[in-house]
Amino acid sequence: MPSSIRRALASIVALIVAVSATVVTSVPGPADAAPTGDLLGPLGTRGERIVDEHGRTVLIHGVNNVDKQAPYIQPGDGLTLTARDAKDLARQGFNAVRLGISFDGLMPTRGRVDTAYVDRVVDVVDTLAAEGIRTLLDNHQDGLSSVWGGNGFPSWSIKARPSKLEPNPGFPLYYIMPSMNLAWDEVWTNRYGVLDHLGTALAALTSALKGHRGVMGVELLNEPWPGTAAPTCFPFGCPVFDRQYQRAMEKLTRYVRGADARMPVYWEPNVTWNQLMPSNLGRSTIRSSNVVFAPHDYCIASQLAIYLGLPEEFRALCTPQHDLTWRHLDDFRARTGRPALVTEFGDGDPTVLNSTLTRADSRRVGWMYWHYSSRYTGSTVGSDPLAGEAGRLLVRTYPQATAGRPESLSFDATTGAFDYTYRPDRSVSAPTVVYVSSRHYPRGYTVRVDGGTHRVTSDGRLLISADGTSPVRVRVTAK
């Protein structure tokens with residue numbers, strides 16, 4: 001064979017090999033059809049990852065929907081999510097909702113669970129699941145109870161009361177009220193059985209939802225306050241209180257697991273986390289499986305501007321605070337080997353929003369945005385909570401399920417450039433699924449896959465299959 005022909009054949013072989021390792025496809029803009037329900041199913045944990053029933057790493061991009069006022073979760077009330085809201089959220093790539101539930105709603109009278117309220121919760125969970133959206137059940141409180149003008153715990157469950165001369169400064173400063181701190185002590189000591197009543201209520205809800213494919217877990221308590229131990233949390237955190245708090249979480253976990261042994265539970269750090277303090281959860285061994293760390297990421301300066309009218313220029317302090325918060329999150333994961341999900345963050349300032357989003361991407365940590373209310377009241381269509389700059393940042397191209405271990409992730413909300421690398425797990429037969437943003441590619445996009453192949457579904461998602469065990473890199477760029 002002449003050398004010129006041999007060289008030509010060698011070039012062709014090299015080209016074939018290169019093409020098999022790198023696939024570049026030009027794709028028109030993604031369709032608006034909502035994803036199907038094939039990404040549902042039970043979740044669990046594997047080391048620092050949340051995984052689905054196929055063993056894929058799941059990344060959550062979700063929103064909060066929390067009803068804090070009785071009678072709670074009433075379709076058509078302008079807050080509770082409807083089937084049309086679920087379609088809108090799924091079309092924009094959101095795969096989870098943190099649905100606020102209330103101890104006060106679950107057990108409005110001592111020892112009796114309100115089954116009608118439970119049924120309404122189940123209906124919302126199933127409505128979201130029909131569009132491929134999972135639900136995290138968030139046992140929500142702010143200010144402990146209506147006794148202090150807050151919400152969450154029924155008044156019958158707490159014996160402490162404010163004195164007639166005790167001023168109430170309202171949210172968030174009512175947490176410094178002496179009477180509220182004494183009431184929180186009742187919770188942590190379980191002095192009058194309040195944790196047992198709460199555990200019974202959560203178990204009843206868990207039992208009602210057992211087998212419903214849309215349930216992703218139960219968050220045991222939103223923003224728990226340390227009570228009279230709060231001063232010990234500053235300036236370096238409060239390991240003594242956190243040991244007591246962890247025992248409370250373990251007790252509630254046992255109640256939930258008595259109703260469903262596999263139900264994931266989400267533990268928040270005590271709320272001084274939001275005031276820059278680290279969490280000491282996990283200093284003693286967390287014995288339960290399927291426990292996810294559920295911190296929030298708020299900037300104090302920005303929140304004070306919102307709630308107390310401080311100058312917005314103080315938001316310049318947000319970057320160093322975010323850096324500290326995420327170092328604390330990194331410390332928890334390194335110490336415990338458990339996964340994390342940021343279950344609340346949100347701000348009217350796009351820079352503050354983006355600060356959370358970019359830090360979450362760099363760590364491959366999921367998040368749930370505060371807040372999303374229904375757009376639909378009867379036949380009336382309200383404003384889109386994700387319109388404008390907030391929507392441009394929150395609606396992102398991202399890997400919803402990965403057949404392997406994520407290694408790097410970035411998304412540029414200005415250009416739409418997406419870059420993702422993962423190390424495939426050949427024992428996982430289901431494909432990697434990437435949602436392609438419905439907002440960032442008006443003229444279509446180009447996909448490049450190194451180390452694998454892909455196809456595009458009718459709803460615009462990418463399904464990636466690895467060629468081998470080498471890292472797979474997926475890049476999406478706007479045309």
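Numerical summary
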read-out	value
Rounded tilt (10° steps) of 318-336 against the dominant C-alpha axis of the chain	90 degrees
Listed residue (Gly282, Tyr369, Val97) projecting farthest to the positive dipole end of region 59-395, Cβ model	Gly282
Note, ³J(HN,Hα) from phi for region 262-279, Karplus 6.51, -1.76, 1.60, rounded to Hz, x at Gly and Pro	9, 5, x, 10, 10, 9, 7, x, 4, 6, 5, 3, 6, 10, 5, 7, x, 9
Summed residue charge, Cβ within 15 Å of Pro471's Cβ, Lys/Arg positive, Asp/Glu negative	+2
Val240 paired with Ala70, simple spin-label distance in nm, labels 7 Å along Cα-to-beta-carbon	3.8 nm
Label-point separation in nm, Leu463 to Arg191, each point 7 Å along Cα→Cβ	5.9 nm
Inter-site label distance for Ser379 and Ser284 at 7 Å from Cα along Cβ, in nm	6.1 nm
Stretchable slack from Arg455 to Asn168, in nm (0.36 nm times residue separation minus alpha-carbon distance)	97.5 nm
Charge sum, other residues only, whose C-beta stays under 11 Å from Pro71's C-beta, Lys/Arg counted +1 and Asp/Glu -1	-3
Bridge type composition, the chain - antiparallel percent by DSSP, nearest 5	60 percent
Equivalent ellipsoid, region 299-429 (semi-axes from 5 times Cα gyration tensor eigenvalues, Å)	28, 22, 14
28 Å Cα cut-off, lysine pairs counted over the chain (separation 8 or more, or different chains)	9
R0 of 25 Å, Cβ-Cβ distance Glu312-Thr414: FRET efficiency to nearest 0.05	0.65
Span from the region 329-391 Cα centroid across to the region 195-270 one, whole angstrom	22 Å
From the C-alpha gyration tensor of the chain, square roots of 5λ in Å	42, 23, 22
Net charge, Pro231 excluded, C-beta distance under 15 Å - Lys, Arg +1, Asp, Glu -1	-2
Expected 222 nm ellipticity per residue - DSSP helices of 4 or more, -39500 (n - 2.57), all of the chain, to 500	-9500 deg cm²/dmol
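Laboratory data are not the source of any read-out in this text; all were calculated from the coordinates shown. Owing to the predicted nature of the structure, the values given are computational and were not obtained by experimental measurement. Counting neighbours? That spans all protein chains shown, and the Cβs are built from the backbone with ideal geometry, glycine included.
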